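For reference, the structure discussed in these notes is given below.
The values are calculated or read from the model by the stated rules, or taken from the named source; none is laboratory data. Just so it is clear, the structure is predicted and the values come from calculations on it, not from any experiment. A quick note on method: Cβ atoms are made from the backbone with ideal geometry, for glycine too, and the neighbour counts reach across all protein chains shown. The accessibility values were calculated without ligands, DNA or RNA, using every heavy atom of the protein model including side chains. Shrake-Rupley method; radii C 1.70, N 1.55, O 1.52, S 1.80 Å.
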Amino acid sequence: MKKYLQTAFSSRQYMVSKDFEIYYYNDAHFSGVKSHTHTYYEFYLFLEGDVTMLIDGTSVSLRSGDVLLIPPGVPHHAVSPRPDMPYRRFVFWVSAQYFEHLVSLSDSYRYVLRKAARGKHCLFRCDRMGLHALQGKVFQLIEEQHSDRFGKDIKLSLCANDLILQINRMAYEQDHPDTPSASMDLYENILQYIEDHLEEELTLDYLAGAFYVSK
């Protein structure tokens, strides 16, 4: 990912924006914060490191591709037995008011909220295809956040809503394995990529590497 899209680590645990904030942290070593709570929802997408999240007395060991939702008011903090290891993750904060707005538009935004309310957190694990689909949404939101293009405000909301819906969809599909899943998203993304790069030399090896899947 482009370095200008990365965020320098900050121990700040409050929102500056009204609706949502997203950060990509790529640290050479683990830097943690003390146990804390939020007034907003935190989506935490873990990419790399040796990290355990302690959530209101529950220990959750994380692996690459894990997506964790922590609701407002739930104490939590990350710990690591190997702070010398690289530590990469996306952190997406969404205000309770913004979630209420989304739920008023569609109950589909509520699926992970219900799961989190039952267990004080919600965790699901992405396979490689699912992680690629989710990262695509994350990258789009972060890139738009750093842009200065016409219609930026509405585009940011559309990207954030799309990301939140994607998280709900993936959690639902893991609980209902007979439903269509991210494999169709991958198929459509590959077709679109090929169509956009018809003039270039595209090989199976190149596409497999670009989409983080096996040939």
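Available extension along the chain between Val79 and His146 is 21.1 nm, counting 0.36 nm per residue and deducting the alpha carbon span.
Taking Lys and Arg as +1 and Asp and Glu as -1, the other residues whose beta-carbon sits under 14 Å from that of Leu156 total -2. Specify the angular offset, from 0 to 90 degrees and rounded to the nearest 10, of the alpha carbon long axis of helix 128-145 from the longest principal axis of the alpha carbons in the chain. For 128-145 against the chain, the angle is about 80 degrees. Helix 182-196 and the longest principal axis of the C-alpha atoms of the chain enclose an angle of approximately 50°.
Does region 87-215 come out rounded, prolate or oblate, given a ≥ b ≥ c as the square roots of the eigenvalues of its C-alpha gyration tensor, rounded meaning a/c under 1.5 and, failing that, prolate meaning a/b above b/c? The shape class here is oblate.
Only helices enter this figure: runs of n ≥ 4 DSSP H residues, each worth -39500 (n - 2.57), summed and divided by the residues of the chain, yield -12500 deg cm²/dmol at 222 nm to the nearest 500. Shape descriptor for region 53-118: Rg over Rh equals 1.02 (Cα atoms; Rh from the Kirkwood inverse mean 1/r).
For the chain, the share of accessible area belonging to carbon and sulfur comes to 51 percent (1.4 Å probe, ligands and nucleic acids excluded).
The modelled label-to-label distance for the pair Asp127/Ala96, using points 7 Å beyond Cα in the direction of Cβ, is 3.7 nm.
Compared with the dominant principal axis of the Cα atoms in the chain, helix 96-105 is inclined by about 50°.
Per residue, the convex hull around the alpha carbon atoms of the chain comes to 148 Å³.
Excluding ligands, DNA and RNA, the accessible surface per residue across the chain is 56 Å² with a 1.4 Å probe. Compared with the direct C-alpha span, the chain from Leu5 to Lys155 gains 52.3 nm at full extension, assuming 0.36 nm per residue.
Can you give the extra length, in nm with one decimal, that the chain gains between Glu199 and Gln13 once fully stretched, where that is 0.36 nm per residue apart less the Cα-Cα distance? In short, 62.3 nm is gained. Restricting region 136-180 to chymotrypsin sites (Phe, Trp or Tyr not before Pro) that sit in a DSSP loop and have at most 11 other Cβ atoms within 10 Å of their own Cβ leaves Phe150. The mean sequence separation of alpha-carbon pairs under 8 Å and at least six residues apart, normalised by the residue count of the chain, gives a relative contact order of 19 percent.
Using a Gaussian network model of the chain in which every pair of alpha carbons under 10 angstrom is joined by a spring, one finds that among Pro75, Pro177, Pro83 the greatest mean-square fluctuation is at Pro177. With θ taken as phi - 60° and the Karplus curve 6.51 cos²θ - 1.76 cosθ + 1.60 applied, the whole-hertz 3J(HN,Hα) list for region 65-70 is x, 6, 10, 10, 10, 10 Hz, x standing for glycine and proline.
If R0 equals 22 Å, the separation of the Cβ atoms of Lys34 and Ala117 corresponds to a calculated FRET efficiency of about 0.35.
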